[in-house]
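The values are calculated or read from the model by the stated rules, or taken from the named source; none is laboratory data. Just so you know, these numbers come straight off a predicted model, no measurement behind them. Here Cβ is always computed from backbone atoms with ideal geometry, including for glycine, and neighbour counts include all displayed protein chains.
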Amino acid sequence: MLTSQNCLIRHLLPIALVLVFVPAHVSAQKAIEAVIYAPATLSLTSDSSVVSACSGGSTQVHLNAHATSPGGYPIRYRWSTSAGRIDGNGSDVTWDVSGLAPGIYKASIDIETGTTDASCEAFTATTIVVKSCPPAPPACPNVKIVGPTNIVLDQPLTFVANVPTTKRITPTYNWNVSAGTITEGQGTPTIKVDTRGLAGQAFEATLSVGGFALDCSASYAVSIPIPAPKCRKFDEFPNITRNDEKARLDNYAVELQNDPQSTAYIVIHPSRSGISADVQKHTSRVLDYLVNSRGLDDRRIVTMVGEARDDLMVELWSCPQGAKPTKP
């Protein structure tokens, strides 16, 4: 900020006359001080030195001139700028810099005070910088999520974000899942999700990508399969007494009756040292007891011959609906 004063002292002859005719008891210095006016003072402040040319930024700069006239005379203000518009004409004005290109601009203030015979002027100025806008972030790219294709029950699932980027954009990644727990990778393009206990449920992984002009997001839905039903070996026993065999079959019948949709698989493993008739004999009596004594529908019972063993062995299997049949 530069400030200058210029006091114009007119009619210097009266000063000389004062010095000639001043009474003896008044010093010459006091006489001169009575005629010469002290200079005015002036300073200028602004509420901002940097203005953004970006849309939505403030384009108004408030200027305040602090001026004094030692003689108490009125002060006249003259404002000027290198560009823009001054609103107001007193000591407090507004400098409108809207629409200006990035660069440095100056606002100036001249004041004048005093009388027509003796006046003082002062001048000062200030500058502001109109800065350019940073380049706008690019529009939202086409965000994709690559999800799992082979889903194994109770095994973690991996999701990978595919986000096209540029050198000047460093994207941020914020993942959310509607079920399960993110165990690895939050804040990165790849996450792992713990899906234990989600059998039969559907859930969605959602990604929000930051760093672009808009909130870029994508989602990927998966369904956790229901575990396939499996056949279960209920019991097995060798060539035991008939009563013991009936007791085993009684328990087996209760198991089958509790699940009316299940299928009974009876596998007879013959003895290597036995005769072929043993297999047919055990098969017939087991089937006869379950159907005629325990009331099971014979269409629910499948009999099979298994591999030979050292001793004859009877296996009782229960297979829920949809389960793969037992291999003998």
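Just checking, does region 126-134 include any residue being under 27 Å from the mean Cα position of the chain (by Cα) and surrounded by fewer than 18 Cβ atoms within 10 Å (Cβ to Cβ)?
First, the residues of region 126-134 that are under 27 Å from the mean Cα position of the chain (by Cα): 133-134.
Checking the rest, the ones that are also surrounded by fewer than 18 Cβ atoms within 10 Å (Cβ to Cβ) come to 133-134.
So far as region 126-134 goes, yes, one or more of its residues are under 27 Å from the mean Cα position of the chain (by Cα) and surrounded by fewer than 18 Cβ atoms within 10 Å (Cβ to Cβ).
Would you pick out the residues in region 55-101 that are assigned to a loop (DSSP other than H, G, I, E, B), farther than 20 Å from Val130 by Cβ and without any contact (Cβ under 8 Å) to a residue 40 or more places away in the chain?
Start the filter on region 55-101 by keeping residues that are assigned to a loop (DSSP other than H, G, I, E, B), which leaves 55-59, 69-74, 82-84, 88-91, 97-101.
Pick out the ones that are also farther than 20 Å from Val130 by Cβ and you get 69-74, 88-91.
Within region 55-101, Pro70, Gly72, Pro74, Gly88, Asn89, Gly90, Ser91 qualify.
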For Met304, work out the one condition from (1) among the aliphatic types (A, V, I, L, M); (2) surrounded by fewer than 18 Cβ atoms within 10 Å (Cβ to Cβ); (3) not in a strand (DSSP E or B) it doesn't fulfil.
(3)
Region 198-216 - residue that is more than 21 Å from Pro320 (Cα to Cα), among the small types (Gly, Ala, Ser) and at pLDDT 90 or above and, of those, surrounded by the most Cβ atoms within 10 Å (Cβ to Cβ)
Ala205
Before we move on, is Asp194 farther than 30 Å from Asp96 by Cβ, charged (D, E, K, R), more than 16 Å from the chain's Cα centre (by Cα) and surrounded by 15 or more Cβ atoms within 10 Å (Cβ to Cβ)?
yes
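If we keep just the residues of region 135-170 that are farther than 30 Å from Ala199 by Cα and touching a Gly at 6+ places or on another chain (Cβ under 8 Å), which is surrounded by the fewest Cβ atoms within 10 Å (Cβ to Cβ)? It would help to see each step written out before you state the result.
Filtering region 135-170 down to residues farther than 30 Å from Ala199 by Cα leaves 135-142, 163-170.
Those left that are additionally touching a Gly at 6+ places or on another chain (Cβ under 8 Å): 137, 169-170.
Details: Pro137: 14, Ile169: 15, Thr170: 9.
Out of the qualifying residues, it is Thr170.
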Residue hits (region 249-286; surrounded by 18 or more Cβ atoms within 10 Å (Cβ to Cβ) and within 27 Å of Asp310 (Cβ to Cβ)) are Leu249, Tyr252, Ala264, Tyr265, Ile266, Val267, Ile268, His269, Pro270, Val279, His282, Val286
When every residue in region 230-289 that is touching a residue at least 40 places away in the same chain (Cβ under 8 Å) and of a type in the set (Ser, Thr, Tyr) is compared, the one farthest from Lys327 (Cα to Cα) is Tyr289
Does any residue in region 290-316 that is closer than 20 Å to Leu256 by Cβ come within less than 6 Å, Cβ to Cβ, of a residue that is of a type in the set (S, T, N, Q) six or more places away or on a different chain, and which pairs are these?
Arg300/Thr263; Thr303/Thr283
When region 171-209 is checked residue by residue, the ones that are within 15 Å of Val143 (Cα to Cα) and touching a Gly at 6+ places or on another chain (Cβ under 6 Å) are Pro171, Thr172, Tyr173
Among the residues of region 28-53, which ones are within 30 Å of Val130 (Cβ to Cβ) and modelled with pLDDT under 75?
Ala53
Just checking, which of Ala213, Ala199 is more than 24 Å from Val152 (Cα to Cα) and out of contact with any strand residue (DSSP E or B) (no Cβ under 7 Å at 6 or more places or on another chain)?
Ala213
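Residue check: is Leu287 in contact with a helix residue (DSSP H, G or I) (Cβ under 6 Å, 6 or more places away or on another chain), of a type in the set (A, V, I, L, M, F, W, C) and assigned by TED's automatic domain parsing to the domain that holds Asn243?
Values: in contact with a helix residue (DSSP H, G or I) (Cβ under 6 Å, 6 or more places away or on another chain): no; of a type in the set (A, V, I, L, M, F, W, C): yes; assigned by TED's automatic domain parsing to the domain that holds Asn243: yes.
No.
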Could you check region 217-236 and list, in sequence order, the residues that are surrounded by 13 or more Cβ atoms within 10 Å (Cβ to Cβ) and either among the charged types (D, E, K, R) or not in a loop (DSSP other than H, G, I, E, B) (or both)?
Ser217, Ala218, Ser219, Tyr220, Val222, Arg232, Phe234, Asp235, Glu236
